[in-house]
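This report refers to the structure that appears directly beneath it.
Please treat every number below as a calculation from the coordinates, not as lab data. Because the structure is predicted, anything quoted here is derived from the model rather than measured. Cβ atoms come from the backbone with ideal geometry, glycine included; neighbour counts cover every protein chain shown.
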Amino acid sequence: MYEQLKAELTGRLILPGEDGYDDRRKIWNTAFDKLPAAIVVCKADTDAVAAVKFAKANDIPVTIRGGGHNVAGTSICDGAIMIDFSEMRKVTVDLERNTAIAEPGVTLGDYDTETQKYGMVTPTGTVTETGIAGLALSGGTGYLRGKFGLTSDNIVSARLITADGDHIKVSAQEHPDLYWAIRGGGGNFGIVTSFEFQLYPLGPEVLSVDVMYDYKDAKQVLRNAQAFLRNAPDDVSFNMMTFQMAAAPGIPEPLHNKRVIVIAGLYAGESDKDEGYQAIQPLRELAEPLSDNTGIVRFTELQSRFDLAAPNNVAVAGTSLFIKEMNDETIDALLATIEQLPSPSLLVQFWECHGKMNRIPSAATAFAVRDASFLLCFDVDYPMEEEQKIKAWIESAYEAMLPFSVRKTSYLNAVKADRQITKATYGDNYERLAAIKLKYDPTNFFRHNHNIEPQA
Ligand SMILES: Cc1cc2nc3c(=O)[nH]c(=O)nc-3n(C[C@H](O)[C@H](O)[C@H](O)COP(=O)(O)OP(=O)(O)OC[C@H]3O[C@@H](n4cnc5c(N)ncnc54)[C@H](O)[C@@H]3O)c2cc1C
């Protein structure tokens, strides 16, 4: 049956049992050990068009793999055709338009490496192996969000394959309804075969914040971070995270097995000016630091700082919530939740939300949550025999923090694919998204995602 599709491809078709099948079906979160009906390794846009037409004609579901990093494992599923873009990773900078074109398999590392050759950036995320496609379609939050907004806010145009197999351009002028929907609406509306992103001058060196605090001071650190946020300049964006240090060579002994709270951030103004140091100073004094390596680094170095800390080749359970305010009540509930943790390998992240990302009106793009103070993410990696215990803890952590959330919203790039969570997160934008879905994908062909069901 697959002969016809195989003949049309520039890339490769891999069927179960064939060479490469087991390697190709691995995604970042190994909890998803799925057996796709076939894998189409795309070398050109036309491969994805052929795969969509074939799948539609034969009533086979499809999944789309960009960087394969989604914690919900939506890029793969039993019995579906996986459209794999991991060999389409070209980035082309256009200095006349101040934009860059990214193919759908581009990772954040690929993107930064190429754009930094020209001293340019787009706001993306903070781990180099993450795919830009999934990240950008559902938001995209990194060290430049205060100044330039989310990655999705910086999509200038895209090429997209619809459920009918049409390959169209989407921009403010062409299919403006789809242009609105893909800036936050995830993989619901079609397969993006290239993105055009806005570029801004920055780098190659930047002033980066890099401070470690003792977890015993977590309450003070979080409270002071919230206070800083009230008047934080757009130029400063930062992430905080708490985890337990390993007892490994290279790590000073007093830190072995110690739970710490780390803050990593960026000043996006001119790095050689005193204003930058003044602007970030409060983040270096949230409590008494254990270490402070704040200083000038290459932008690409900052972007890869947490590559080794990100778990790899492990099963992960994760969840997220947008938080209204990190006040004492929220902090007490959070610290009590962390106390209940059944495993030392918990990573809790607090990504502040302010500046440009919050000033864009909720209805301006599909990405609706523009009034949170922090995005809270819990991730635990685990051996398979502990799956039930860890998943139960993740659910209980989610429930415990729900009362402190912004309208029960989550970051869809960091939460299970769940109907209620998806609906709550899109909020007032959901109906408009469902109507656009009905227009372009009435049979819900693109459904292995944080799904928006077609409806009038
Ligand atoms: C280690 C790690 C670090 C992370 N750091 C950050 C961070 O700093 N900031 C942040 O915002 N997020 C971060 N994330 C979350 C990240 O944004 C999501 O995991 C995102 O979905 C990754 O995109 P991907 O292309 O790698 O995912 P995939 O798993 O390949 O795809 C996820 C979904 O996106 C859709 N999709 C992918 N490609 C296409 C396409 N071409 N056309 C249409 N739909 C498509 C599909 O619905 C697919 O199921 C991180 C995740 C991990 C694992």
- Item | Cα point-scatterer Debye curve for region 59-204, base-10 log of I(q)/I(0) at q = 0.11, 0.19, 0.21 Å⁻¹ | -0.37, -1.13, -1.37
- Note on the structure: Per the chain, sqrt(5λ) over the Cα gyration tensor eigenvalues, sorted largest first, in Å, gives 35, 25, 22
- Under 15 Å from the 7 Å Cα→Cβ point of Glu285, by amide nitrogen: which residues of region 202-230? 221, 224-225, 227-229
- What percent of all Cα-Cα pairs in region 270-359 falls in each 10 Å bin, counting up from 0? 10, 30, 40, 18, 1
- Item | Fewest-first ranking of Thr151, Thr443, using other Cβ atoms within 10 Å as the exposure measure | Thr443, Thr151
- Ratio Rg/Rh [Cα only; Rh per Kirkwood] for region 70-123: 1.11
- Item | Net charge over other residues, Cβ less than 12 angstrom from the Cβ of Gly11 (K, R count +1; D, E count -1) | -1
- Sort Met384, Met82 so the one with the fewest other Cβ atoms within 10 Å of its own Cβ comes first. Met384, Met82
- Using only helices, what value at 222 nm comes out for the chain when you add -39,500 (n - 2.57) per DSSP H run of length 4 or more and divide by the total residues, to the nearest 500 deg cm²/dmol? -7500 deg cm²/dmol
- Using only Cα atoms, figure out Rg for region 3-84 and give it as a multiple of 2.2 N^0.38 Å. 1.00
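With 10 angstrom as the radius, rank Arg298, Arg25 by how many other C-beta atoms surround their C-beta, starting from the fewest.
With the fewest neighbours first, Arg298, Arg25 line up as Arg298, Arg25.
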- Message: I want the local charge near Asp418. Using Cβ-Cβ distances under 12 Å, sum +1 for each Lys or Arg and -1 for each Asp or Glu among the other residues.
- Response: +3
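How long is the gain from Met384 to Ala7 if the chain were fully straight, where each residue apart is worth 0.36 nm and the alpha carbon distance is subtracted? Kindly include the intermediate steps, with their values, before the conclusion.
Values: separation 377, 0.36 × 377 = 135.72 nm, distance 3.97 nm.
Full extension of this stretch gives 131.7 nm more.
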- Note on the structure: Using alpha carbon centers only, region 154-187 is separated from region 371-386 by a whole-angstrom value of 30
- Task: Give the calculated FRET efficiency between Val93 and Gln278 to the nearest 0.05, with a Förster radius of 45 Å applied to their Cβ-Cβ distance.
- Result: 0.85
- Task: Please report the relative contact order for the chain, taking Cα pairs under 8 Å with a sequence separation of at least 6, and give it as a percent rounded to a whole number.
- Result: 16
- Of the options Gly185, Ala248, Gly139, report the single residue whose Cα projects farthest towards the positive end of the charge dipole of the chain (beta-carbon charges: Lys, Arg +1; Asp, Glu -1). Gly185
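Taking the radius of gyration and the Kirkwood hydrodynamic radius from Cα positions alone, what is the Rg/Rh ratio for region 118-246, to two decimal places?
1.07
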- Item | When the convex hull of its Cα atoms is projected in every direction, mean area for region 337-438 (nm²) | 7.5
- Taking the convex hull of the alpha carbon atoms in region 219-377, what volume per residue do you get, in Å³? 152
